[in-house]
Amino acid sequence: MYKQDLEQTLLDIDEEAELEIGPRDDRPSVVLVGGSAFMLNDVTNRAVTHDIDVFEADRCLREIMDRYPGVNGMAVAYCNQMPFNYEDRLIPLEIGAHFIRYFTPSLEDLAVMKLYAYRPNDIVDLHSRAFTERLDWDLLERLIFDEGEALASSPSERSYQEMVCAYRQYIKEVRG
């Protein structure tokens with residue numbers, strides 16, 4: 001999917017949800033992660049991604065999202081890769097949705113998530129110049145080393161230490 005395909009899919013879901021669910025006092029929300037979050041924030045060199053990874057979505061939206069090919073509505077694998085208090089740093093996506101509020105985690109939270117996985121596509125995303133220029137390096141360091149953030153949500157000490165190793169390698173590569 002190209003960025004315009006991502007946006008169109010999300011707008012289609014937004015329109016369908018508004019028609020099916022009807023008026024509400026509060027707008028439902030969706031948190032997107034992975035390559036689509038990087039693309040929608042314009043911080044990757046990648047032109048395409050295979051899917052839209054939904055990290056969180058209000059229950060009323062799940063059935064609607066399941067109807068869309070390419071929407072991974074159960075990206076639960078990321079649960080242990082996200083710093084503990086990521087909700088405090090969500091970035092709203094301004095794509096023209098009227099009903100659903102779309103968000104991504106902060107760039108720093110996305111970096112931690114990518115450092116845990118550290119697959120080839122993750123490395124490409126992390127090395128994007130647009131990404132490194134917008135990254136708050138002090139915040140990223142705090143998220144990695146503060147006991148109440150990445151360590152608090154890590155599935156194991158070993159997994160956490162592997163992510164810290166990936167971070168140290170990453171710093172050498174992009175900051176010298």
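For the chain, a simple Cβ point-charge model (Lys and Arg +1, Asp and Glu -1, everything else neutral) yields a dipole of about 680 debye relative to the Cα centre.
For the range 113-160, report the accessible area per residue in Å² (1.4 Å probe, heavy atoms, rounded to an integer). Could you put the intermediate results ahead of the total?
On the way: 2510 Å² over 48 residues.
For the range 113-160, the solvent-accessible area averages 52 Å² per residue.
For the range 92-129, the residues whose amide N sits under 18 Å from a probe point set 7 Å from the Cα of LEU19 along the beta carbon direction are 97-100.
What does the helix-only formula give at 222 nm for the chain: each DSSP H stretch with n ≥ 4 adding -39500 (n - 2.57), the total divided by the residues, and the result rounded to the nearest 500 deg cm²/dmol?
Numbers: 9 runs with 91 residues, N = 176.
Counting only the DSSP helices, I get -15000 deg cm²/dmol.
Once both labels are positioned 7 Å from their Cα atoms along Cα-to-Cβ, the gap between CYS79 and ASN45 label points is 3.5 nm. Every pair of different Cα atoms in the chain enters the Kirkwood calculation, which places the hydrodynamic radius at 16.6 Å. In order along the range 98-106, phi translates into HN-Hα couplings of 9, 10, 8, 9, 9, 9, 10, x, 4 Hz, rounded to whole numbers, per the Karplus curve 6.51 cos²θ - 1.76 cosθ + 1.60 with θ = phi - 60° and x for Gly and Pro. For the pair ASP58 and ILE123 in one chain, pulling the backbone fully straight at 0.36 nm per residue adds 20.4 nm over the alpha carbon distance.
Suppose all protein chains stay in the model; what accessible area per residue would a 1.4 Å probe give for the range 5-55, in Å²? Could the numbers behind the result be given before it?
Values: 2220 Å² over 51 residues.
About 44 Å² of surface per residue is accessible.
Measuring nothing but protein heavy atoms, the accessible surface of the chain at 1.4 Å probe radius is 47 percent carbon and sulfur.
How high is the relative contact order of the chain, given as a whole-number percent (alpha carbon pairs under 8 Å, six or more residues apart)? Please report the intermediate quantities before stating the final value.
Details: 259 pairs, mean separation 42.2, N = 176.
Relative contact order comes out at 24 percent.
Above 16 Å lies some portion of the pair distances; for the range 108-176, what is it as a whole percent of all C-alpha pairs? So the pairs more than 16 Å apart make up 40 percent of the total in the range 108-176.
Since only CYS79, TYR116, GLY35 are under comparison, the one whose Cα sits farthest along the positive direction of the charge dipole of the chain, derived from C-beta charges on Lys, Arg, Asp and Glu, is TYR116.
How big is the charge dipole of the range 106-165 about its Cα centre, in debye rounded to the nearest 20, if each Lys and Arg gets +1 on its Cβ and each Asp and Glu gets -1 on its Cβ?
Details: 6 positive and 13 negative charges, 63 e Å.
Result for the range 106-165 is approximately 300 debye, rounded to the nearest 20.
The values are calculated or read from the model by the stated rules, or taken from the named source; none is laboratory data. Model, not experiment: these values are computed from the prediction. Using ideal geometry, Cβ is built from the backbone for each residue, glycine included, and neighbour counts are taken over all protein chains shown. The protein model used for the area step is the full one, side chains on, heavy atoms only, and it has no ligands, DNA or RNA in it. Shrake-Rupley method; radii C 1.70, N 1.55, O 1.52, S 1.80 Å.
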